[in-house]
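The values are calculated or read from the model by the stated rules, or taken from the named source; none is laboratory data. Remember, predicted model here, so these are calculated numbers, not experimental data. So basically every Cβ, Gly included, is an ideal-geometry build from the backbone, and we count neighbours across all protein chains shown. Heavy atoms of the whole protein, side chains included, go into the accessibility calculation; ligands, DNA and RNA do not. Shrake-Rupley method; radii C 1.70, N 1.55, O 1.52, S 1.80 Å.
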Amino acid sequence: MKTLILTGLLLLAAAPAAAQTRVSGSDFRTRTINDETLLRAGRFSLFVSATGGWAYGSTSPDVGGGRSQNTVFSLPSIGGGWMITDAFQVRLAVNGIFLFAGIDGAQSQETYGVGATVQGLYHLAIVHGMAFYVGVGAGGYYSYRTEPVGGGLNVAVTGGGFHGQLPFGLLVQPGASLFLRGGLRLDFLYGVESPSSPGAGVSGGSNLNFLTNAELSVGFRL
């Protein structure tokens, strides 16, 4: 009797670990167990990612009279992925770009953009339903902002260029279809800007942004 009770307790304790498997068939000779996790070759998924970051900088009064600058940014994504192997996934993502910079609480600059990247993610399984991941992405972007030229007038400045990404973090799969990713994503933007009205006191040129985003993704395996 004690042996039966102990066996029952062990089966109950092991039940959560098997929450992402499904048994089909009633006959023990034909019964199969299907793995419902994402980390299987051939699995397709859809996802949406929310990202964000904040940067602050200041100079002393001896340097240009002293200035402070706050920058808030977000580069959210939406896309789909395909598991090439049980560990490696290729994803296509459409990315939004939102940059808001303010200097001394008065002068501000807002940049908006959109782009697309192709990402490759490698997964290292930890326990059932969890894995570390690291990846790399590359693509392009288009941006738009306005710049004041005096007299209450603004000039539109458009740009575009290369968009690189380096995401890494933790994958958690709480259900058969639902999965979550949490971690950091480094975004590298390099491009060229040009004003819509040449000769208006705004010159074009290259620009470089290196942004560290906290990233949270929600996805579904189909």
**OP:** Kindly provide the set of residues from the range 126-167 that are at positive phi and open to solvent by 50 Å² or more (accessible area, probe 1.4 Å), ordered by number.
**Re:** Gly151, Gly152
Original post:
In the list His123, His128, which residue meets the criterion of being in a loop (DSSP other than H, G, I, E, B) and in contact (Cβ under 8 Å) with a residue 60 or more places away in the chain?
Top reply: His128
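Could you grab me the full set of residues in the range 100-125 that are under 16 Å from the mean Cα position of the chain (by Cα), among the hydrophobic types (A, V, I, L, M, F, W, C) and open to solvent by 10 Å² or more (accessible area, probe 1.4 Å)?
Val114, Ala116, Val118
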Original post:
Would you pick out the residues in the range 149-181 that are touching a strand residue (DSSP E or B) at 6+ places or on another chain (Cβ under 8 Å), in contact (Cβ under 8 Å) with a residue 12 or more places away in the chain and over 21 Å from Asn213 (Cβ atoms)?
Top reply: Val149, Val155, Ala156, Val157, Thr158, Gln173, Pro174, Ala176, Ser177, Leu178
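Val118: touching a residue at least 24 places away in the same chain (Cβ under 8 Å), of a type outside the set (S, T, N, Q) and in a strand (DSSP E or B), yes or no?
So Val118 passes the test.
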Subject >> Segments classed as strands (runs of 3 or more DSSP E), wholly inside the range 14-96, with at least 1 members that are at pLDDT 90 or above >> reply: 44-58, 68-74, 77-83
Original post:
Looking at the range 184-222, which of the residues that are surrounded by 14 or more Cβ atoms within 10 Å (Cβ to Cβ) and outside any strand (DSSP E or B) is modelled with the lowest pLDDT?
Top reply: Ala200
